[in-house]
Amino acid sequence: MVTRPSLLAVSCGDPSGIGPDIILSALASAAGHLPRFAVFGDPAQMAKRARALGIDVPVAVVSTAQEALAVRSGTLPVVALSASFAEQPGQPTPAHAPGIIEAIERAVEATIRGDFRAVVTAPIAKKPLYEAGFAFPGHTEFLGALAEKIDPKRATPVMMIAGPDLRTVPVTIHIPLADVVGQLTREAIEETLMIVDADMKTRFGLQAPRIAVAGLNPHAGEGGALGREDDLIIKPAIEAGRARGLDVSGPLPADTMFHAAARTQYDVAVCMYHDQALIPAKTLAFDDGVNITLGLPFIRTSPDHGTAFDIAGTGKARPDSFIAALQAADAMAQAQNRPGASAA
């Protein structure tokens with residue numbers, strides 16, 4: 001069991017988006033009810049956004065988690081980056097990429113080092129990062145590579161979208177739909193099942209998590225009439241999971257496994273591709289869903305929405321999902337540190 005400081009590390013995300021807005025408004029609206037956190041970002045830019053939004057949240061520049069813990073409630077502790085940001089809400093630019101990446105790297109490094117309990121990432125946009133040479137399909141893949149760079153243990157990042165009524169996990173993530181079948185292997189599904197089972201036990205406090213697996217094809221292939229992948233790839237992975245002692249069911253027709261009665265039969269649904277998992281999850285919890293990365297040597301959560309450049313700096317952004325991400329990270333850290341739970 002690893003005891004960490006009661007503080008979360010928040011990476012600032014894209015400063016031209018609503019990341020600063022939701023961080024500031026969350027603190028302004030619920031400071032006394034939130035887990036304590038510090039932001040890795042540009043203190044001057046955060047202070048300018050607060051003034052532009054009319055949010056009375058002072059910014060304190062800190063260097064360590066201990067300094068952040070000493071900051072009084074209602075004040076935002078910011079660990080300054082070597083990079084700085086222009087205060088240009090709604091105007092993304094590749095010039096911000098080095099600072100965005102630095103914020104993620106430093107938040108992860110500090111958490112792996114033991115200074116923070118978990119990482120909460122504010123939203124990033126892929127296009128400006130790609131234009132600056134960012135080589136990863138998305139946040140999740142970058143975190144996996146970063147974990148392996150900092151910690152030599154192999155990391156297999158697995159995306160989970162979690163809301164009050166549903167948790168879903170896609171086996172394949174940010175790839176074209178045309179490429180899904182080529183990357184969907186028994187080994188990939190089995191590994192995903194093992195990671196989900198392990199993290200549901202250690203970080204969600206479930207002793208025997210129930211995992212439902214969606215089929216790939218309509219009606220889960222209907223005995224091969226609508227595609228053979230369900231029988232040839234997905235079923236053998238499920239059988240292998242059961243042989244390892246997992247409580248796993250499926251493959252289930254994806255069009256009938258997400259209604260209210262069906263959801264009572266499982267704790268998490270493993271799906272075959274991005275939209276199959278994210279459409280039901282976001283439909284049920286559009287404002288307060290949380291993106292959680294399993295399979296890493298640290299806890300990571302994020303709001304389940306993007307940068308929303310069109311409303312950045314307008315005061316229209318809702319902090320619900322960011323607040324839920326903070327609360328989820330805090331709850332997972334507490335579960336992981338309970339007697340009997342083993343850290344990842």
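A compact table of results
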{"quantity": "Cα lying deepest toward the dipole's positive end in the chain, options LEU177, VAL62, ALA243, charges on Cβ", "calculated": "VAL62"}
{"quantity": "Neighbourhood charge, 15 Å Cβ-Cβ cut-off, centred on HIS96 and excluding it, Lys, Arg +1 and Asp, Glu -1", "calculated": "-2"}
{"quantity": "Cα gyration tensor category, rounded, prolate or oblate, for the range 249-344 with a/c compared to 1.5", "calculated": "oblate"}
{"quantity": "Percent carbon-and-sulfur accessible area, the chain, ignoring ligands, DNA and RNA, probe 1.4 Å", "calculated": "52 percent"}
{"quantity": "Sequence-distant residues sharing a close amide H with VAL248 (under 5 Å, placed H)", "calculated": "ILE211"}
{"quantity": "R0 of 22 Å, Cβ-Cβ distance GLU67-ARG106: FRET efficiency to nearest 0.05", "calculated": "0.90"}
{"quantity": "Antiparallel DSSP beta bridges within the chain, as percent of all bridges there, nearest 5", "calculated": "30 percent"}
{"quantity": "Calculated from backbone phi, Karplus (6.51, -1.76, 1.60) coupling profile of the range 55-61 in Hz, x at Gly/Pro", "calculated": "9, 8, 10, x, 10, 10, 7"}
{"quantity": "Rounded to whole Hz, the Karplus (6.51, -1.76, 1.60) HN-Hα couplings of the range 68-84, x for glycine and proline", "calculated": "5, 5, 7, 6, 5, 4, x, 9, 8, x, 10, 7, 5, 7, 6, 8, 10"}
{"quantity": "Karplus (6.51, -1.76, 1.60) ³J(HN,Hα), θ = phi - 60°, over the range 173-181, in Hz, Gly and Pro reported as x", "calculated": "10, 8, 9, x, 4, 5, 9, 4, 4"}
{"quantity": "Neighbour-limited loop hits for trypsin sites (Lys or Arg not before Pro), the range 117-198 (at most 11 other Cβ within 10 Å; DSSP other than H, G, I, E, B)", "calculated": "LYS153, ARG154"}
{"quantity": "Label of the coordinate-derived value, mean projected area of the Cα convex hull in nm², listed as (i) 16.7; (ii) 15.7; (iii) 22.4", "calculated": "(i)"}
{"quantity": "Amide hydrogen neighbours beyond the local backbone of VAL62, cut-off 5 Å, H modeled", "calculated": "VAL78, VAL79, ALA80"}
{"quantity": "Proximal charge balance of MET257 [Cβ under 14 Å; K/R count +1, D/E count -1]", "calculated": "-1"}
{"quantity": "Dipole magnitude of the range 12-155, debye to nearest 20 (Cβ charges: Lys/Arg +1, Asp/Glu -1, about Cα centre)", "calculated": "220 debye"}
{"quantity": "Environment charge of PHE286, counting only residues whose C-beta is closer than 13 Å and scoring Lys/Arg +1, Asp/Glu -1", "calculated": "-3"}
{"quantity": "Residues whose placed amide H lies under 5 Å from that of THR314, excluding near-sequence neighbours", "calculated": "none"}
{"quantity": "The chain - accessible surface per residue (Å², probe 1.4 Å)", "calculated": "41 Å²"}
{"quantity": "Rounded accessible area of LEU184 (nearest 10 Å², 1.4 Å probe)", "calculated": "0 Å²"}
{"quantity": "Potential extension, ASP165-THR256 segment - 0.36 nm per residue separation minus Cα distance", "calculated": "31.2 nm"}
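The values are calculated or read from the model by the stated rules, or taken from the named source; none is laboratory data. Note that the coordinates shown come from a computational prediction; the quantities given were computed from them, not determined experimentally. Positions of Cβ are generated from backbone atoms using ideal geometry, with glycine treated the same way; all protein chains shown enter the neighbour counts. These accessible areas exclude ligands, DNA and RNA; they are computed on the full protein's heavy atoms, side chains included. Shrake-Rupley method; radii C 1.70, N 1.55, O 1.52, S 1.80 Å.
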